[in-house]
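The values are calculated or read from the model by the stated rules, or taken from the named source; none is laboratory data. Everything quoted here is computed from the prediction, not taken from an experiment. Heads up, the Cβs are rebuilt from the backbone with ideal geometry, glycines too, and the neighbour counts pull from every protein chain shown. Ligands, DNA and RNA are stripped out before the accessible areas are found, and what is left, the full protein with its side chains, is counted by its heavy atoms. Shrake-Rupley method; radii C 1.70, N 1.55, O 1.52, S 1.80 Å.
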Amino acid sequence: MHVEVETTKKVIIIGAGIAGLSAGCYLQMNGYDTQIFEAHNLPGGVCTAWKRKGYTIDNCIHWLVGSSASDRFYHLWNELVDMKGIKFVDSEEWMRVETPDGRCMRVFTDLDRLQQEMIEKSPADEGLIRSFTGAAKRFVRFHLPVEKAPAVFGLMDGLKMIFGMLPFMRQLKKWSGMSIQQYADRCSDPLLKKTFESMFMPETNMLFLIMTIVWMYKKSAGFPIGGSLEFARQIEERYLKLGGKINYKSRVAKISVRNGAANGIVLDSGEESTSDIVVSAADGHSTIFDMLEGKYVDAKIKGYYDSYETFPSYLLVSFGVARKFDDYPRAIVLFPEQPLTADRISKYEGVMVRIFGFDPTLAPEGKTVITAWILTREHEYWDNLKRTTPKEYEAEKNRIAEEVLEIMEKRFGDVRSKVETTDVCTPATVMRYTNNWKGSFEGWLWTPEIGLGGMSKMLPGLNSFYMAGHWVVPGGGLPTAMKSGRDLAQIICKKDNKKFITSRF
Ligand SMILES: Cc1cc2nc3c(=O)[nH]c(=O)nc-3n(C[C@H](O)[C@H](O)[C@H](O)COP(=O)(O)OP(=O)(O)OC[C@H]3O[C@@H](n4cnc5c(N)ncnc54)[C@H](O)[C@@H]3O)c2cc1C
């Protein structure tokens, strides 16, 4: 008699960002034998931070969707980290927008306060404001179905989703079909226009903005005390406890293919590893066009890379300052009289200043990290400068730090003399440490053109290969990166006729 012996499948995962760690955790929970190959020496990918003279410069989390138990994402996060053990802080004021004429708009997370503030400051746009806050109030009752990957939906799942979404269909269509810029352009008051343009990337659809403010209103988009790297480290710990293995400083150069199926990887060093399945949770462009040499693309996938807009790259100019900034909100978008000249920068003129006093773990007692986050599409300029003229690159970084410091000094006073450390991260830094295409901070922008449909996590003509992370989910973000890893584990389990199981804290 022939007895089938079930063997444990080996899975190689490229990238220990949130998507790679998540895929690893869920595959381990389901009996797969996984190992991650990560180019950097840290987990988290863009969800990271670094130390400078006792200060922690946090690169990533502004808000983590799913920070409260009332949100469905919370229960998914809780499968990866002990959510009760993390202290989250919510903000009453998401940000403040200040224009050179001395005007200011406070973007409250309470929808009634926000409506009142906006109408008070921009009465001529009352109709537009009410329409925005009214939509947000309606979406408070909207819950994204997140537990099951759409690719493994059965008939009942599909029907449940349709019924859940039905009351919101018109609104979903309306707001996802309009960009923030289009809405902002309808404002007659320049302050309100700048406020909308500052809340998120103006090319993004309005639904993204509305859902974000709804999550903040529900206090389910908090900041985890300890910051981004600490959060990523907790997922790394979970993965290792589940029996996973991470190979750091292991940059994948090539994905090996045999008989139309991915069966391993080759590192930059030439070292090879084999597996039954390969998952890339690394940058999408280099996965498809370098590691797989562009051999597994069709017109649709090529179309994404030819025509879809990515989130821009950024400069993060940070200062460790030996003083407190008690009476300020967490974020202020400053529009200085003289716009900041950072390279040949894109039209995003406002400088987003973040004040990290709300997390005492990020600076020594009585001191604060303040940062300026400047979005730019000039990744090539920065990359060339760093590679070809490193001295000029350093000089340019210093010049920008000086300009930003001047802006901070003018706005807050008593900053310059108290600066203990300065740090400038450029698009070249982002590309070097995370390998994200064009130094993008979040993959594909979720524009009205992309609509509500998803992206394939598989490539045509290639078996045993999957992708996860912000290059396969437009709009990117931490919960979507985490969910894409989870979804992938469900897809792989279904293919292997296994029941998908999870365990939680
Ligand atoms: C400044 C900033 C602010 C943000 N703010 C928020 C926020 O407030 N809320 C939110 O939800 N999201 C936010 N995001 C977005 C969110 O962090 C990302 O969308 C998400 O973390 C992406 O995770 P990922 O695993 O898909 O990709 P990544 O984090 O890019 O991870 C990919 C990993 O793959 C590795 N890798 C790449 N190439 C190779 C290779 N060849 N070999 C081996 N390893 C490789 C990289 O080193 C990296 O570790 C922010 C991002 C940034 C940068």
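Evaluate the range 438-458: report whether one residue or more is in contact with a Leu (Cβ under 9 Å, 6 or more places away or on another chain), within 30 Å of Gln182 (Cα to Cα), in a helix (DSSP H, G or I) and modelled with pLDDT of 95 or more. No: zero hits.
The residues of the range 217-244 that are among the acidic types (Asp, Glu) and away from the ligand (no atom under 12 Å from the Cβ), listed by number, are Glu230, Glu237. Being buried (at least 22 other Cβ atoms within 10 Å of the Cβ) and within 13 Å of the ligand (Cβ to nearest atom) is a condition met by at least one residue of the range 261-268. If the condition is being in a loop (DSSP other than H, G, I, E, B), open to solvent by 10 Å² or more (accessible area, probe 1.4 Å) and either in contact with a helix residue (DSSP H, G or I) (Cβ under 8 Å, 6 or more places away or on another chain) or of a type in the set (Phe, Trp, Tyr) (or both), then the range 293-311 contributes Gly294, Tyr296, Val297, Tyr308. Only one of the numbered conditions (1) modelled with pLDDT of 95 or more; (2) under 22 Å from Phe208 (Cα atoms); (3) touching a Phe, Trp or Tyr at 6+ places or on another chain (Cβ under 6 Å) is violated by Leu478, and that is (3). Against the test of being touching a residue at least 24 places away in the same chain (Cβ under 8 Å), out of contact with any Asp or Glu (no Cβ under 7 Å at 6 or more places or on another chain) and hydrophobic (A, V, I, L, M, F, W, C), the options Leu385, Leu405 yield a single qualifying residue, Leu405.
Of the residues making up the range 58-80, those that are within 14 Å of the ligand (Cβ to nearest atom) and not aromatic (Phe, Trp, Tyr) are Asp58, Asn59, Cys60, Ile61, His62, Leu64, Val65, Gly66, Ser67, Asp71, Leu76, Leu80. When Lys410, Lys386 are screened for being open to solvent by 50 Å² or more (accessible area, probe 1.4 Å) and closer than 27 Å to Asn436 by Cα, only Lys386 passes. Among the numbered conditions (1) in contact with a Phe, Trp or Tyr (Cβ under 8 Å, 6 or more places away or on another chain); (2) surrounded by 14 or more Cβ atoms within 10 Å (Cβ to Cβ); (3) closer than 21 Å to Trp63 by Cβ, the only one that Met105 does not meet is (1). Highlighted here are the strands (runs of 3 or more DSSP E) found entirely within the range 23-119 that include at least 3 residues which are among the hydrophobic types (A, V, I, L, M, F, W, C) and under 23 Å from Met216 (Cβ atoms): 93-98, 104-108.
On the stretch given as the range 9-38, residues that are closer than 12 Å to Ser280 by Cβ and over 19 Å from the mean Cα position of the chain (by Cα) total 5.
Being modelled with pLDDT of 95 or more and under 21 Å from the mean Cα position of the chain (by Cα): is that true of Ile61 here? In short, yes.
All conditions in (1) open to solvent by 20 Å² or more (accessible area, probe 1.4 Å); (2) farther than 19 Å from Val97 by Cα hold for Glu337, with the sole exception of (2).
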